[in-house]
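Below: the structure, in C-alpha cells.
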Amino acid sequence: MPTTPDNPIDPCRPLPRHKMAALTFIGLLAPVYFIPQLLSRLFPDQTLLVTGLAVGLIVFLMTYAIMPVLKWVFRSWLKQTH
C-alpha cells in the first residue's frame, strides 16, 4: 500500500523502534496508574483477579485504542527519518 495523504505511514517500512518505545511509554503511563487502582477498589482482596483484569484491559486498550491514536497524532514525527 503506497503512502497517501490519508495514509502517510508506509506499512512496508517498520517504524523507528526508539520512537515506538517512547510512544509506548507515553501510552502506558495513565492506564498502568489508574486501571489497577480502580479495579482494586472494585475487587478488594482479589490481587490475582485484579492483576489479570488490569493486564488484559491495558493490553486491549493499548492495541485497539491508545496506540492507534498516538500513531495518528504523532504520524509526522514517526515518518521523519532523522
R41-M67 FRET efficiency (beta carbon distance; Förster radius 25 Å; 0.05 resolution): 0.40
The Rg/Rh figure for region 31-79, Cα atoms and Kirkwood Rh, to two decimals is 1.18
Given labels modelled 7 Å from the Cα in the Cβ direction, how far is it in nm from F25 to R75? 2.5
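Read-outs: derived from the displayed coordinates by stated rules, not from any lab. If you're wondering where the values come from, they're calculated on a predicted model, not measured in any experiment. Heads up, the Cβs are rebuilt from the backbone with ideal geometry, glycines too, and the neighbour counts pull from every protein chain shown.
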